[in-house]
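Below you'll find the structure, written out as structure tokens, and then a few comments.
The values are calculated or read from the model by the stated rules, or taken from the named source; none is laboratory data. On a predicted model such as this, the values are computed, not experimentally measured, just so you know. Note: ideal-geometry Cβ built from the backbone for every residue, glycine included; neighbour counts use all protein chains shown. All accessible areas refer to the heavy atoms of the entire protein, side chains included, with ligands and DNA or RNA removed. Shrake-Rupley method; radii C 1.70, N 1.55, O 1.52, S 1.80 Å.
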Amino acid sequence: MNDKKRVLILCTGNSARSQMAEGLLRHDAGAHFDVDSAGTKPGSVRPEAIAVMREMGIDISEHRSKHVDEFEGQTFDYVITVCDDAREACPVFLGAARRLHQSFEDPAAVGGSEEQRLTVFRRVRDELRDYLREFDRAAESSDL
């Protein structure tokens with residue numbers, strides 16, 4: 001019997017924030033959660049997201065951007081939006097016990113040199129990890 005809670009992480013492009021969050025939550029709390037991610041206007045997974053996750057030993061190179069419609073009719077215990085646009089456009093998921101929102105800067109929107117972009121991706125990755133660790137603790141202690 002699977003006691004894992006289902007989590008869907010949403011953002012607009014499903015190219016950076018939600019992809020990194022999916023990889024982080026799977027890696028750090030995969031024993032507690034089945035995790036998917038999607039976007040309201042999916043693009044493709046950003047190479048910078050793949051690179052900064054690889055730095056942590058987490059491989060998201062096989063991830064693909066998915067449209068939220070791919071999950072229509074499915075139930076989730078938690079739906080987490082990581083950008084304001086996705087929060088506004090988020091469809092209703094039946095069975096979603098909790099909808100959570102925390103907006104993070106879009107690292108894909110940052111210009112500059114490769115190193116400048118990677119610096120922002122790393123910061124957002126680390127912010128996501130901190131948030132998701134708190135989410136895991138709260139979910140495990142039933143504080144959500």
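All of (1) more than 14 Å from the chain's Cα centre (by Cα); (2) modelled with pLDDT under 95; (3) aliphatic (A, V, I, L, M); (4) open to solvent by less than 50 Å² (accessible area, probe 1.4 Å) hold for Ala86 with one exception: (1). Pairs are defined by a Cβ separation below 7 Å, a sequence spacing of at least 6 or placement on different chains, a first member in the stretch 1-29 that is open to solvent by 30 Å² or more (accessible area, probe 1.4 Å), and a second member that is acidic (Asp, Glu) and part of a loop (DSSP other than H, G, I, E, B); the pairs so defined are Lys5/Asp77; Arg6/Asp77.
Just one of the numbered conditions (1) open to solvent by 80 Å² or more (accessible area, probe 1.4 Å); (2) more than 26 Å from Lys4 (Cα to Cα); (3) modelled with pLDDT under 90; (4) of a type outside the set (Lys, Arg) is not true of Leu94: (2).
Each residue in the stretch 39-51 was checked for being buried (at least 20 other Cβ atoms within 10 Å of the Cβ) and at pLDDT 95 or above, and 5 of them qualify. Can you name the residue in the stretch 115-144 that is of a type in the set (D, E, K, R) and without any contact (Cβ under 8 Å) to a residue 24 or more places away in the chain and is also surrounded by the most Cβ atoms within 10 Å (Cβ to Cβ) among such residues? Selected residue: Glu127.
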